[in-house]
Amino acid sequence: MRNGMHTDREQCVRAVQSKDARFDGWFFTAVRTTGVYCRPSCPAVPPKPENMVFHPSAAACQQAGFRACKRCRPDTSPGSPEWNQRADLVARAMRLIADGAVDREGVPGLAARLGYSARQVERQLRAELGAGPLALARAQRAQTARLLIETTALPMAEIAFAAGFSSVRAFNDTVREVFALSPSELRARVNERPPAPGAPPRTAAVPGAMSLRLPFRAPLNPDNLFGHLAATAVPGVEEWRDGAYRRTLRLPYGHGIVALTPAPDHIACRLSLSDLRDLTVAISRCRRMLDLDADPVAVDDRLRADPVLAPVVDKAPGRRVPRTVDEAELAVRAVLGQQVSTAAARTHAARLTLAHGDPVDDPEGGLTHLFPTPEALASLDPETLAMPRSRRTTFTTLVRGLAEGALHLGVESDWQETRARLLDLPGFGPWTVDVIGMRALGDPDAFLPSDLGIRRAAAELGLPATPAALTARAQAWRPWRAYAVQYLWATGDHPVNFLPV
């Protein structure tokens, strides 16, 4: 873990001089002589060390008066892995800011969801990131604005409000300040140069439709990531079509449909939204679902230190944890998957979706519904559920708790506290709780020692067979046991391990 890496000047200088892309998003380099800030892998000639100043966030660079480099475009680098591997206040706040909480609810709303005072949240963010929540949200709005300017033909006024700005004037001023170009100049600059090889086409002026590239830190093995999402896809909500994983999205202002296609150096993303104000949230949730901000080198190095896991990691490095765009949906599906096959769980979920999900129109394929909300599921008759009575109780207790707000699952959730609340529910054992912890809450250290696939893999590799003994052995894999689960699953021949054809 490189917590506070920007304070290690010697390491930062080495990363910049070697143009090491692994550190993109971990810190930013501001250059005193030029007034710009860059990602560590900027292709320009590295500045002299005495002219470098290191900051933990793009917002901190902007606060200090630096503008984004036009060559390396630091605003498009992957996000810091820290926010997805930590559960403290700062990490939870950053996940909420990425999910658009400040734009929708303001700083008081952000603080309320975290259970702290606004002053406390402001103080801790400034101490670690050099910027408060408003500045961090502003930097995110600027990044969204640039994306819309460069990839769509939408009018600037529409882009301003879609990116979350309160006025066109604030939009113009921010873009000029951050990028040293007006919005019109940014668009003209893109139109003057030919598209890069493999770049998505610039989107026509169709409201809500666009194509973009989602960056990640290499390596990324797409097999188990897309294989898991496709193999467990709920008909009507998700599908694999023409080399892409497609699904519907329930978003704060409306709904969307996304198609995600793995490429060697990025994930191609085609996104259609009913309301463009949801763009930032949609991108954030897709990145989170695909675990694109992970640090695969750190993960694999730790797991490779175990001589039993080393050959499995070396065979196909860069595995990610397939997560979710909707934490409540994942929890419901985890209950539906208790003690049944993947196919049976999909059938249960499809029936619920058809009966209680909101219909959507998908001109491109076979997506028909949004997954039902907890409120919709809480009102159904339990006798209509084709499952044992005990599991009906588990299901109804979960959806009622989610619908009434007694149980909350979100990017800001405290992992340990939420685990404890889930374990108090009837029918929730360690397997279900850790599946939710791993895929919904995003805990990188969640572990499934009692899972049948894990136990088979352990037996095949010569690891301890009993859950207690395997858990003891897995202490050496911390804090990346959720990734160890992916590598252990990969030793089997289940469809979740293979990229669909």
Taking the range 116-170 and keeping residues farther than 22 Å from A68 by Cα and surrounded by 16 or more Cβ atoms within 10 Å (Cβ to Cβ) leaves Y116, A118, V121, E122, Q124, L154
Extreme residue, nearest to A101 (Cα to Cα), among residues of the range 372-420 that are surrounded by 18 or more Cβ atoms within 10 Å (Cβ to Cβ) and of a type in the set (D, E, K, R):
E412
Which of the residues that make up the range 459-488 are more than 18 Å from R302 (Cα to Cα) and buried (at least 18 other Cβ atoms within 10 Å of the Cβ)?
P467
Condition (residue is crowded, with 20+ Cβ neighbours inside 10 Å, at pLDDT 95 or above, more than 16 Å from the chain's Cα centre (by Cα) and aliphatic (A, V, I, L, M)) applied to the range 251-264: is it met by at least one residue?
yes
Across the range 69-97, the tally of residues that are assigned to a helix (DSSP H, G or I), modelled with pLDDT of 90 or more and within 27 Å of A180 (Cα to Cα) stands at 2
When you scan the range 289-337 for helices (runs of 4 or more DSSP H) that lie fully inside it, which ones turn up with 2 or more residues that are outside the structural domain of V485 (by TED's automatic domain parsing), touching a residue at least 12 places away in the same chain (Cβ under 8 Å) and out of contact with any strand residue (DSSP E or B) (no Cβ under 9 Å at 6 or more places or on another chain)?
none
Screening I436, I454 for residues that are touching an Asp or Glu at 6+ places or on another chain (Cβ under 9 Å) and under 26 Å from A298 (Cα atoms) leaves only I436
Pairs with Cβ under 7 Å, 6+ apart, first in the range 234-255 and within 20 Å of T342 (Cα to Cα) and not assigned by TED's automatic domain parsing to the domain that holds R333, second part of a loop (DSSP other than H, G, I, E, B) and among the polar types (S, T, N, Q)
G236/T368
Residue ID - nearest to E327 (Cα to Cα), chosen from residues in the range 350-372 that are in contact (Cβ under 8 Å) with a residue 60 or more places away in the chain and out of contact with any Pro (no Cβ under 9 Å at 6 or more places or on another chain):
F371
So A21 fits all but one of (1) of a type in the set (A, V, I, L, M); (2) surrounded by fewer than 23 Cβ atoms within 10 Å (Cβ to Cβ); (3) assigned by TED's automatic domain parsing to the domain that holds E177; what number is the exception?
(3)
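This table checks each residue for (1) assigned by TED's automatic domain parsing to the domain that holds L448; (2) modelled with pLDDT under 95; (3) within 23 Å of the chain's Cα centre (by Cα).
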| site | (1), (2), (3) |
| --- | --- |
| E383 | yes, yes, no |
| R391 | yes, yes, no |
| G401 | yes, no, no |
| G405 | yes, yes, no |
| Q416 | yes, yes, yes |
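Conditions (1) closer than 23 Å to A230 by Cβ; (2) touching a helix residue (DSSP H, G or I) at 6+ places or on another chain (Cβ under 7 Å), marked per residue:
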residue: G337; (1), (2): yes, yes
residue: A345; (1), (2): yes, yes
residue: V360; (1), (2): yes, no
residue: L370; (1), (2): yes, no
residue: T373; (1), (2): no, no
residue: L377; (1), (2): no, yes
residue: P382; (1), (2): no, yes
Hey, does the range 443-466 have a residue that's farther than 22 Å from R287 by Cα, assigned to a loop (DSSP other than H, G, I, E, B) and touching a residue at least 60 places away in the same chain (Cβ under 8 Å)?
yes
Just one of H369, H356, H348 is in the same structural domain as R302 (by TED's automatic domain parsing), under 24 Å from the mean Cα position of the chain (by Cα) and buried (at least 16 other Cβ atoms within 10 Å of the Cβ); which is it?
H369
Evaluate the following for V501: is it among the β-branched types (V, I, T), in a helix (DSSP H, G or I), at pLDDT below 95 and under 15 Å from G227 (Cα atoms)?
no
What is the one condition in (1) within 25 Å of the chain's Cα centre (by Cα); (2) outside any helix (DSSP H, G or I) that A420 does not satisfy?
(2)
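The values are calculated or read from the model by the stated rules, or taken from the named source; none is laboratory data. Not measured: the values here are computed from a predicted model. Virtual Cβ from ideal backbone geometry, glycine too; neighbours counted across all protein chains shown.
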